[in-house]
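Single-structure report; data block below.
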Amino acid sequence: MPDLSALSGYPPELLRQVESLLSQPDGLSSRLLDRYPHAHGLRSDRQLYDFVEQVRARHLRSAGRIAKVVYDSKVQLAYQALGLHVRSTKVHGAQLKARHDIRIAALFRDAPLPFLSMIVVHELAHLRHPDHDRAFYQLCAHMEPDYHQIELDVRLYLTHLAAGGGPLWRAWPEGVPASSKAD
Ligand SMILES: [Zn+2]
């Protein structure tokens, strides 16, 4: 029996489809690669920070800048911990100032742009909504209209990895955006 724990809560028909894809060689991986052929190429923490700040400035301008954004290989691949939003409060004189850090699981460094966008939107939405409630998911879908489809595809990728499949988007430098190529 394949490990489908990343897909808990999805309908049984979908789980049967995934099982069937997993039973074929490259069934699930070719499905994912067809849909997402390229890695995003934002591999440094600096590039990641700029991307997160762009999304935040567009949708959550009043939330204030994020202090720090990093890829973190210690963030576990369990879905609940794919990203990690750290809110700390420091005393600055008489003022309480909230500081927001975001840690993104290293898995998303070599991944398609929609996957990165999904997890970034998820972590940014926590600036407004601490819990995974209806308002939280509405904000996610506002920032990334394909949020729910991409979340499912990220979970399918985790299922692929749990089944012993290798990383699908490490074919560096294929994912380098054309504009950043040396020539
Ligand atoms: Zn969350």
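Coordinate-derived values only; no laboratory data. Here the structure is a predicted model, which is why all the values come from computation and not from measurement. Glycine also receives a Cβ, built like all others from the backbone with ideal geometry; neighbour counts cover every protein chain displayed.
Residues whose amide H falls under 5 Å from that of residue 111, counting only those 5 or more places apart or on a different chain, are 40, 41, with hydrogens built in the peptide plane. Peptides 24-35, 139-150 ordered by packing proxy, namely the average of other Cβ atoms within 10 Å per residue, highest first: 139-150, 24-35.
In this structure the amide hydrogen of residue 69, modeled in the peptide plane, comes within under 5 Å of the amide hydrogens of 102, none closer than 5 places in sequence on its chain. Summing charges over all other residues whose Cβ lies under 13 Å from the Cβ of residue 154, with Lys and Arg as +1 and Asp and Glu as -1, gives -2.
Between residue 146 and residue 24, the distance separating the two model label sites (each 7 Å from Cα on the Cα→Cβ line) works out to 2.1 nm. Below 11 angstrom from the Cβ of residue 118, what's the summed charge of the other residues (Lys, Arg +1; Asp, Glu -1)? Surrounding charge for residue 118 is -4. Once the chain from residue 162 to residue 35 is taken as fully extended at 0.36 nm per residue, the excess over their C-alpha distance is 43.7 nm. In order along the stretch 6-12, the Karplus-derived 3J(HN,Hα) couplings, from 6.51 cos²θ - 1.76 cosθ + 1.60 at θ = phi - 60°, round to 5, 10, 5, x, 7, x, x Hz, and Gly and Pro are given as x.
Where Lys and Arg each count +1 and Asp and Glu each count -1, what net charge lies around residue 50 among other residues with Cβ under 14 Å from its Cβ? Write out the running numbers ahead of the final one.
Working: positive: 43, 46, 56, 58, 65, 68; negative: 45, 53.
Once positives and negatives cancel, what remains is +4.
Applying 1/(1 + (r/R0)^6) with R0 = 22 Å to the Cβ-Cβ distance of residue 13 and residue 133, what FRET efficiency is obtained, to the nearest 0.05?
0.25
Each residue of the stretch 51-68 was assigned a 3J(HN,Hα) from its phi angle through the Karplus curve 6.51 cos²θ - 1.76 cosθ + 1.60 (θ = phi - 60°); the sequence is 5, 4, 5, 4, 5, 5, 5, 6, 10, 9, 3, 6, 6, x, 5, 7, 6, 8 Hz, with glycine and proline shown as x. In order along the stretch 127-141, phi translates into HN-Hα couplings of 4, 9, 10, x, 9, 7, 9, 4, 5, 4, 5, 5, 5, 4, 5 Hz, rounded to whole numbers, per the Karplus curve 6.51 cos²θ - 1.76 cosθ + 1.60 with θ = phi - 60° and x for Gly and Pro. Sorting 74, 68 by the number of Cβ atoms found within 10 Å of their own Cβ, with the fewest placed first, yields 74, 68.
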